[in-house]
Every structure is written in structure tokens, then in C-alpha cells.
Amino acid sequence: MRSFWRTLDHGSLRDISLVCLADAIVGASFGAITVSGGLHPWVPVTMSVLVFAGGAQFAAAGVVLAGGSPAAAVLAGLVLNARLLPYGFAVADTVGGRWWTRLLGAQLITDETVAFTLRQHERRRRRVTFWTCGLALFGCWNVAVALGVLAGTALRNTGSLGLDAAFPTVLLALVLPSLADRGTRNAALAGAVIAVAATPFLPAGLPVLLALAGLVLAGQPAAREEEGRPADANPALEAR
Amino acid sequence: MPLLAIAVLAAGTYAFRLAGPVFRHRMRIPDRLQRLLAVATAVLLTALVATAALTQGDGFAGWARPAGVLVGGALALRRAPFPVVVVAAAATTAVLRLTGIP
């Protein structure tokens with residue numbers, strides 16, 4: 001056990017703790033906002049264990065809370081989580097060769113854990129970082145969501161508390177770092193205009209998917225990223 | 001949100017995650033696809049921000065909510081801590097409603 005902790009330096013452990021804390025706050029908001037918005041308490045809790053991807057959880061719950069169909073919610077969540085595909089290839093060697101470490105490790109793949117893992121260059125350190133960060137985040141995230149659910153069920157009259165502004169604000173804080181890239185920003189702004197303009201005419205959930213038409217403005221890659229690495233330096237607020 | 005929807009979302013997400021560890025020696029993700037997936041994430045999240053901030057049902061949500069989101073976004077841009085960002089947004093909206101702005 002002592003050699004395990006020596007593998008990770010203090011700086012890495014501190015960074016991992018900070019990301020756990022940041023994610024716990026996002027998780028608690030997720031639990032509180034979804035339940036106070038009207039979803040049954042087991043929905044955010046089950047989603048957090050099984051889906052374990054903050055951005056997609058917020059997106060799917062948001063579509064449902066806006067009155068959209070479950071199919072649109074699932075589709076939005078899956079489009080968001082498609083980015084986990086290249087992450088899986090980037091950390092494939094780190095996750096290990098035995099079948100059960102692959103099955104378990106796969107569930108722990110998130111923006112944050114992949115970013116921290118790829119920052120390490122030595123093989124053993126990578127492995128320890130992946131499992132430490134992945135398991136810690138999984139624990140913090142799910143406990144925080146459950147606590148948020150408890151807090152959310154206690155809240156009444158969420159409109160006068162301004163809680164309906166919390167949901168888009170959380171998402172905005174998550175997405176802001178990736179908008180630093182100009183091509184991404186153009187595509188995202190075009191998509192947002194399309195979605196808002198389409199809202200009066202389409203059933204809830206579809207305008208957000210229609211926003212993907214903005215992708216034609218994405219332009220050429222900036223060609224600076226390592227394979228499968230999350231593009232931004234601020235993993236704490238990445239959309240998971 | 002029905003359990004089936006959560007199950008489908010979870011299964012699809014897990015498949016995206018597991019493909020790399022299982023197929024790592026047999027295939028590779030092209031750079032263009034990686035880039036496309038990253039941009040698609042930002043596009044979808046931004047569209048969600050815009051619709052959730054501005055619309056309610058199929059109409060305008062009122063001024064209080066987008067104003068709160070704007071305050072939160074400005075604080076996030078200035079790298080304010082996450083709880084400050086969220087609380088400031090909700091507080092702005094709440095105060096505006098208190099003064100009679102819907």
C-alpha cells in the first residue's frame with residue numbers, strides 16, 4: 001500500500017482531490033436540480049451509477065424536464081458520450097489485459113480521468129493514476145448526487161429561488177473551456193441559434209439535436225492534440 | 001424518464017467506453033472523427049444552454065432566467081469557483097423575480 005501511494009506524487013493526489021471536489025459539486029447540483037424539477041429521486045441516482053457521465057446526464061434530464069420524449073433524451077446523451085470512444089482507445093493499454101479489468105475500467109473512463117492518466121508518462125504511474133482517479137470520481141460523483149437528491153426533495157417553489165437558471169448555468173460552465181477554439185465556437189453558436197429558432201415549431205428535444213447542423217461550420221482541426229486526449233486544460237469543469 | 005431510456009443510454013455509453021479496451025489492436029480512430037466528436041459535444045451542450053436559458057415550452061422564458069445565466073457565464077469566464085457561479089446565477093434570477101420581472 002505504501003509503495004502504491006509513493007507512485008503518485010503529492011501534486012497529482014492534490015489535483016485528483018480537487019477534481020473530485022469540483023465534480024461532487026456538479027453532482028450535487030444534478031441531484032438537486034433534477035429532483036426539484038420534478039423527476040423521481042431514483043432517476044438521477046440510477047443514471048449516475050449506470051451512465052456516469054455528467055454532461056450526458058444533464059442533457060438527457062434537461063430534455064425530459066423540458067417536456068421532450070425519452071428517445072430524444074437518449075439520443076442527445078449518446079451524441080455527447082460518443083466522445084468517450086476515442087478516450088477508450090487512448091487508455092486501452094492502461095486499463096489492463098485481463099477481461100475483468102477491462103470491463104470494470106471501461107465504466108471509469110471520463111474526461112477527467114483520461115486527462116490525468118495521459119499526463120503521466122511512465123506505465124505504472126499511468127495505471128495507478130487511472131484507477132485512483134477513476135474510482136475516486138465514481139465514489140464522489142454518486143454520493144454527491146444522492147446528497148443532492150436529498151437536498152432537492154426538501155426544496156419547494158424552485159421558481160422563486162431562481163433554480164431554473166442553475167441548470168443552463170452549470171452546462172455553460174462545463175462547455176466554456178472548449179469554446180476557446182474558434183471553429184468549435186462558430187459551430188456551437190450557429191447550433192444554438194438554430195435550436196432556439198426551431199423551438200416554437202418542433203417538439204421539445206428535437207431542436208437541440210437539430211443544432212448539430214452547426215457542425216458544418218466546425219472548420220479544420222487545430223492539429224495540436226495528442227491522440228484521444230481531452231482538448232482542454234481545465235479538466236475539472238469538462239463536460240463528462 | 002422511464003427506466004428503459006436510462007438503460008439504453010447506459011448501454012450505449014458503456015459500448016463507447018468498452019470499444020477501445022476491447023478492439024485496441026484491431027482498429028484505430030481517425031483524427032477527423034475525434035475532432036468531429038469533440039465539436040459535436042460542444043455544439044450540443046451550447047444548444048442546450050441556449051434553449052434552457054431562453055425558452056419555456058415553445059415560448060420565451062422571460063428575462064429573469066437568461067439574465068441569471070448571463071451573470072453566471074460572466075463569472076465562469078473570470079474563473080470564479082463553480083459554486084459561486086451557480087449560486088450567483090440563481091440569486092440574480094430570484095432577485096429579478098422578486099422585483100416583478102418574470
ask   = Is at least one residue of the stretch A:157-174 crowded, with 23+ Cβ neighbours inside 10 Å and either on the phi > 0 side of the Ramachandran plot or not in a helix (DSSP H, G or I) (or both)?
value = yes
message = Going residue by residue through the stretch B:41-52, is there one that turns out to be surrounded by fewer than 17 Cβ atoms within 10 Å (Cβ to Cβ) and modelled with pLDDT under 90?
response = no
ask   = Does A:A61 fit the bill of being within 18 Å of A:C133 (Cα to Cα) and surrounded by 20 or more Cβ atoms within 10 Å (Cβ to Cβ)?
value = no
ask   = How do the helices (runs of 4 or more DSSP H) wholly within the stretch A:1-83 filter down when requiring 2 or more residues that are among the β-branched types (V, I, T): which remain?
value = A:10-37, A:42-50, A:54-65, A:70-81
request  = Mind listing whichever residues of the stretch A:90-117 are part of a helix (DSSP H, G or I) and touching a residue at least 60 places away in the same chain (Cβ under 8 Å)?
outcome  = A:A90, A:D111, A:E112, A:V114, A:A115, A:F116
task = Name every residue in the stretch A:21-58 that is surrounded by fewer than 24 Cβ atoms within 10 Å (Cβ to Cβ), farther than 17 Å from B:P2 by Cα and within 7 Å of chain B (Cβ to nearest Cβ), in order of residue number.
result = A:A22, A:I25
remark   = Within the stretch A:76-89, of all residues that are over 15 Å from B:Y14 (Cβ atoms) and surrounded by fewer than 23 Cβ atoms within 10 Å (Cβ to Cβ), the one farthest from the other protein chains (Cβ to nearest Cβ) is A:V79
remark   = Those residues of the stretch B:23-37 which are surrounded by fewer than 18 Cβ atoms within 10 Å (Cβ to Cβ) and among the hydrophobic types (A, V, I, L, M, F, W, C) amount to B:F23, B:M27, B:L33, B:L36
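The values are calculated or read from the model by the stated rules, or taken from the named source; none is laboratory data. The shown structure was predicted, so the numbers you read here are calculated from the model rather than taken from an experiment. Quick reminder, even Gly has a Cβ in these numbers, built from the backbone with ideal geometry, and neighbours come from all protein chains shown.
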